[in-house]
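K.L.:
Here it is, the structure, as structure tokens.
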Amino acid sequence: MATKVHMEALSPTMEEGRLVKWNKHEGDAVKSGDTLAEVETDKAVMELVARADGQLLKVMVPEGTTVPVGNVVAWIGKPGEKVDGDGAAAPAPKSAPAPEPQKRAPPAVRSAPETPPQPAPIAPTDATRVKASPLARRMAKEAGVDLKLVQGSGPGGRVVKRDVESAPATEVQRTAPGALRTPLEGAPRTPYEDVPLTQIRKTIAKRLAASIGPIPHFFLTTEIDMERAAEAREALNKQLGEEGGKISFNDIVIKAVALALVQHRACNAWFQEDHIRYWNEVHIGMAVAIEDGLITPVIRNADLKSLREIGAESRELAARARSRRLKPEEYTGATFSVSNLGMFDIDQFTAVINPPEAGIVAIGSIAAKAVPEGDRVVVRRRMRATMSCDHRVIDGATGAAYMKTLKQMLENPLAMVL
Amino acid sequence: MNEIQVVHAGTVPYAEALEWQRELAEDRIAGRLPHDVLLLLEHPPVVTLGRNSQPRHVLQPAGIDVFEVERGGDVTFHGPGQLVGYPILDLHAYKQDLHWYLRTLEQALIEALGVLGIPAERNPGFTGVWTRGKKIASIGIHVKQWVTWHGFALNVTTDLTHFDRIVPCGIQGVEMTSVERETRNGKRETLWGESVAAVLTGFEKVFGTSVIPCPDGPARQDRASLRTPAVAEPGL
């Protein structure tokens, strides 16, 4: 009878291990004590050793797969012996001391199926089942664009003119009748790649899903004139001159967000299940993109700090966030957050609240726009800010009043020194 | 009390040291080696890639050997002035827990650095030993049937510019440091000996082992003499 090879625990607290390398392959002869595979956790690699003689009949998981401790990763037996494909039946013989299936996690193994589905040939353009405007349909036909591959941005996902125009070349395939899709140049020839979740991505998934689900979000957007803030910034940076440590728009926004919170304590709060904690201190979480994730270092007492201090601190925190050298107390304890995607040319967006905080402001890019002023049109630098509010703490009018103050502060930066 | 024999091996090329460790580990597993061993040595300049390595973490591999090895972790650099320690321990006599082993190795180095007057600490989530926000020692281990090999690398007087060739341990932006840099007033000539002594003190303290002193003489010859005489070893 064939013997199972189980994922073993590298430590008592370990619930899963990542199988990084198979040293033996299906069909190889193995003897008890031979190294079958390598399992990794943290900075430790452990060899998974055969506990039976025979042939490695079947490998159940590909390299790079994370497997719960106790799960079957392979079978050893006599050549030609049948093994149970899903590893569920065929009890391990008594002579093979299989590790205790302690803390057995669900048996699912996170990996691609062993035989990936073949990419289906794309049928000759059949646009009849895609919602599209007549103009978009005609443009697509002329350009040889398959409408099914275009993401519609019109009402109800309808494909409109701008979608066809802006569809990136890599996503739009020119279709000839019966032609197969050719893989993207340089892309691997598999239809997809499964990447195991890193610890930080697991945390992001857990925390943000725990936010957008149970927290009743609502959003308030306002457009802010940044002319004076820009002038103030230029003047301040000129004064700082060669001293270094320039002030960025982000520093000005953080300062304004903090000062506006001082006037609107109702928004500077944590939702705590059976009570709301209104904070008397203002600690601003600043979302920083890092490789494979994001983290929100905290600028403590941002309302009391000068722009220069905020600038120096935010640069230092962001640098250490990117090198993952923040201490836990440096990225926890914010009372309110700011997320800025202006540098990515995003006009406006909505950010997900970082619980238990009750609000976050999403900052878009600063762009020159034509705006009416009296009876003429002038060009001004404008910026859109969107506040996400936890409706259990903040009501519409409360949030709107806060945003009005924030807008006033940024439109008249002198108000910040009042 | 567990005993550990310390072998001061001098400068050993990476490939040779690797083969040596594998042999010692196999001997320890098979019971041919009656006690644990700690190899202390230096490597000629070499870049090694752990099982978790990503090629983009080697920035300028020019002119230096690159090895892919079976230890945990990402890419690292070894070279002159770096005290490399390879403990061949049978964890059955300690704890069958690799996280315990990683943390205890860290603690041994933290104690050692304490002896040298350098405040060192862990950086949770990033195995290794850190001081004042910089990384001073790297750790990567391998275990088979609860016998360990690979180990730690403590920068004593390492030329730190070598680390510019890699992204140490896959952590972007990490800054490396050395005992020499952190002690500042230490004398370079005596630093190596002091560091070795401190590491042994730290090891004895946290692992609760007693160090068996190694006889003087050309260290490489110990390679054969470590074994029990019953086992003939061709080629040594």
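The values are calculated or read from the model by the stated rules, or taken from the named source; none is laboratory data. Keep in mind it's a predicted model, so treat the numbers as computed, not measured. Note: ideal-geometry Cβ built from the backbone for every residue, glycine included; neighbour counts use all protein chains shown.
K.L.:
Of all residues being touching a residue at least 24 places away in the same chain (Cβ under 8 Å) and over 13 Å from the mean Cα position of the chain (by Cα) in the stretch B:88-100, which is farthest from the other protein chains (Cβ to nearest Cβ)? Just the residue, please. If you could, list the steps in order and put the result at the bottom.
P.N.:
The first filter runs over the stretch B:88-100 and keeps only residues touching a residue at least 24 places away in the same chain (Cβ under 8 Å), leaving B:88-94, B:96, B:98.
From what's left, over 13 Å from the mean Cα position of the chain (by Cα): B:90-94, B:96, B:98.
On the way: B:90: 14, B:91: 10, B:92: 14, B:93: 17, B:94: 12, B:96: 8, B:98: 4 Å.
Of everything passing the filter in the stretch B:88-100, B:93 is farthest from the other protein chains (Cβ to nearest Cβ).
K.L.:
Looking at (1) more than 8 Å from chain A (Cβ to nearest Cβ); (2) closer than 25 Å to residue B:47 by Cβ; (3) in contact with a Gly (Cβ under 7 Å, 6 or more places away or on another chain); (4) not β-branched (Val, Ile, Thr), which one does residue B:111 not meet, given that it meets all the others?
P.N.:
(2)
K.L.:
Name the residue that is modelled with the lowest pLDDT, counting only residues in the stretch B:42-96 that are within 18 Å of residue B:150 (Cβ to Cβ) and among the polar types (S, T, N, Q).
P.N.:
Looking at residues that are within 18 Å of residue B:150 (Cβ to Cβ) and among the polar types (S, T, N, Q), I get B:53.
K.L.:
Here's a follow-up. Return the residue satisfying two criteria in turn: it lies in the stretch A:222-250 and is in contact with a helix residue (DSSP H, G or I) (Cβ under 6 Å, 6 or more places away or on another chain) and more than 27 Å from residue A:350 (Cα to Cα), and of such residues it is surrounded by the most Cβ atoms within 10 Å (Cβ to Cβ).
P.N.:
A:232
K.L.:
I'm trying to understand the selection: among the residues of the stretch A:279-294, which are acidic (Asp, Glu) and free of Cβ contacts under 8 Å to residues at least 60 places away in the same chain? Even if it seems obvious, please write down each step before you answer.
P.N.:
Taking the stretch A:279-294 and keeping what is acidic (Asp, Glu), we get A:281, A:291-292.
Passing the criteria: A:281, A:291.
K.L.:
Please go through the stretch B:114-131 and give me each residue that is closer than 28 Å to residue A:319 by Cα, out of contact with any Phe, Trp or Tyr (no Cβ under 9 Å at 6 or more places or on another chain) and either more than 11 Å from chain A (Cβ to nearest Cβ) or in a strand (DSSP E or B) (or both), ordered by number. Walk me through it before giving the result.
P.N.:
Applying the first criterion (closer than 28 Å to residue A:319 by Cα) to the stretch B:114-131 yields B:118-131.
Those left that are additionally out of contact with any Phe, Trp or Tyr (no Cβ under 9 Å at 6 or more places or on another chain): B:118-119, B:124-127, B:130-131.
Within the stretch B:114-131, B:118, B:119, B:126, B:127, B:130, B:131 qualify.
K.L.:
Now for a separate question. Hey, could you check the stretch A:374-418 for residues that are of a type in the set (Asp, Glu) and not in a strand (DSSP E or B) and say which is surrounded by the most Cβ atoms within 10 Å (Cβ to Cβ)? Walk me through how you get there before you give the answer.
P.N.:
Within the stretch A:374-418, the subset of a type in the set (Asp, Glu) is A:375, A:390, A:395, A:411.
So of that shortlist, the ones also not in a strand (DSSP E or B) come out as A:375, A:395, A:411.
Numbers: A:375: 5, A:395: 13, A:411: 15.
Ranking the candidates gives A:411 first.
K.L.:
On to the next question. Failed condition for residue B:95, given (1) of a type outside the set (Asp, Glu); (2) in contact with a strand residue (DSSP E or B) (Cβ under 7 Å, 6 or more places away or on another chain); (3) in a loop (DSSP other than H, G, I, E, B), with all others met?
P.N.:
So the condition that residue B:95 fails would be (2).
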